[in-house]
Amino acid sequence: MVASATFWDSRAEKYDSEFAFSVEGGSQRNRRLAENLRDARAVLDFGCGNGGISLCIAEYVDEIVGLDVSSKMIHFAEQRKAEAGVDNITFQAIGESEFPIFDTQFDVVLGLSVLHLVPDPQGTLAWFRNILGSEGCLIIETPCLSDMSLARQLTVRAAMLLGAAPSIHSFSYNSLRDLLDQSGFFIEEEFEVSRKDRMLWCVCKSKGLPSG
């Protein structure tokens with residue numbers, strides 16, 4: 001198995017040449033993303049990769065911070081940002097267990113296809129909750145390995161052992177729901193994005209800060 005930063009640095013050029021994202025179109029995923037960004041001013045794109053999603057939503061919000069463990073992905077994100085002439089995005093490479101401190105709170109935190117990759121999912125969710133405003137929302141999209149077909153599970157696990165995939169957490173739909181609940185979030189909306197990859201999309205809100 002390989003660390004996420006090493007893996008994504010090695011795949012950054014290929015990923016950048018192949019990855020495309022748009023919030024246009026009629027998919028449920030795209031409609032819900034656009035709707036949840038409607039009143040957002042500040043957005044955190046956690047695991048931003050080559051910046052594709054950040055660049056697509058830049059016109060809808062005032063400020064975006066894009067974070068990724070891969071410095072090479074951030075390099076491509078900066079290139080794309082310059083080519084697009086966008087000035088309301090800040091891209092930053094971070095350590096695999098780093099939780100940066102911000103002077104502002106975010107209206108939306110995006111964690112798309114990333115929670116299964118972080119070393120500490122519960123700690124990451126706790127950090128999300130701390131940096132979200134009281135009315136903010138967390139949007140995650142997470143593949144749940146434990147709910148995939150046995151053949152698919154074996155393929156993914158073999159790829160991890162061979163270094164062809166990064167180490168991932170083996171969530172099920174129910175264990176992901178439980179983790180969100182234990183981390184202080186309630187799920188406002190959820191739907192399955194991909195049947196093959198058992199990809200669960202969740203729009204979450206904080207249960208509220210504890211009193212005292």
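Rank these for me by crowding, K14, K81, K207, going from fewest to most other beta carbons within 10 Å. If you can, show how the numbers build up before the last one.
Numbers: K14 9, K81 21, K207 12.
Exposure proxy ranking, most exposed first: K14, K207, K81.
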### Message
Using Cα-Cα distances under 8 Å and only pairs 6 or more residues apart, what relative contact order does the chain have, in percent?
### Response
19 percent
### Query
Roughly what % of Cα-Cα distances in the chain sit above 29 Å, to the whole percent?
21 percent
### Summary
Most exposed to least, judged by fewest other Cβ atoms within 10 Å, M73, M148 sort to M148, M73
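Sorting S70, S113, S4 on the 10 Å Cβ count, fewest up front, what's the list?
The order, fewest Cβ neighbours first, is S113, S4, S70.
Count the lysine pairs in the chain whose Cα atoms lie under 30 Å apart, taking only pairs 8 or more positions apart in sequence or on different chains.
7
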### Residue with peak Gaussian network fluctuation, the chain [Cα springs, cutoff 10 Å], from L162, L176, L112
L162
### Summary
Taking the dipole of the chain about the Cα centre (Lys, Arg +1; Asp, Glu -1; charges at Cβ), the one of T104, S149, L125 that reaches farthest to the positive side is S149
## Note on the structure
Most fluctuating of S175, S17, S54 in the GNM of the chain (C-alpha, under 10 Å) is S17
### Query
Taking a point 7 angstrom from the Cα of D39 along the C-beta vector, which residues in the range 132-148 have backbone N less than 17 Å away?
132-139
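Given the Cα-Cα distance of M160 and E83 and 0.36 nm per residue of separation, how much length would full extension add, in nm? Provide the component values of the computation, followed by the final result.
On the way: separation 77, 0.36 × 77 = 27.72 nm, distance 3.47 nm.
Extra length from M160 to E83 when fully extended: 24.2 nm.
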### Message
Can you tell me which of A77, A42, A164 moves the most in a GNM of the chain? Springs connect C-alpha atoms under 10 Å apart.
### Response
A164
### Share of alpha-carbon pairs per 5 Å distance bin for the range 36-84, given as whole %
5, 23, 32, 23, 12, 4, 0
#### Entry: Principal axis dimensions, largest first and in whole angstrom, of the range 71-150 by Cα
44, 33, 22
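Only four residue types carry charge here, +1 at the Cβ of Lys and Arg and -1 at the Cβ of Asp and Glu. Report the dipole size of the chain about the Cα centre in Debye, rounded to the nearest 20. Working shown, then result.
Values: 19 positive and 30 negative charges, 147 e Å.
Roughly 700 debye, rounded to the nearest 20.
Every number here is computed from the coordinates shown, using simple stated rules; none is lab data. Because the structure is predicted, anything quoted here is derived from the model rather than measured. Please note: Cβ atoms are built from the backbone with ideal geometry, for glycine as well, and neighbour counts cover all protein chains shown.
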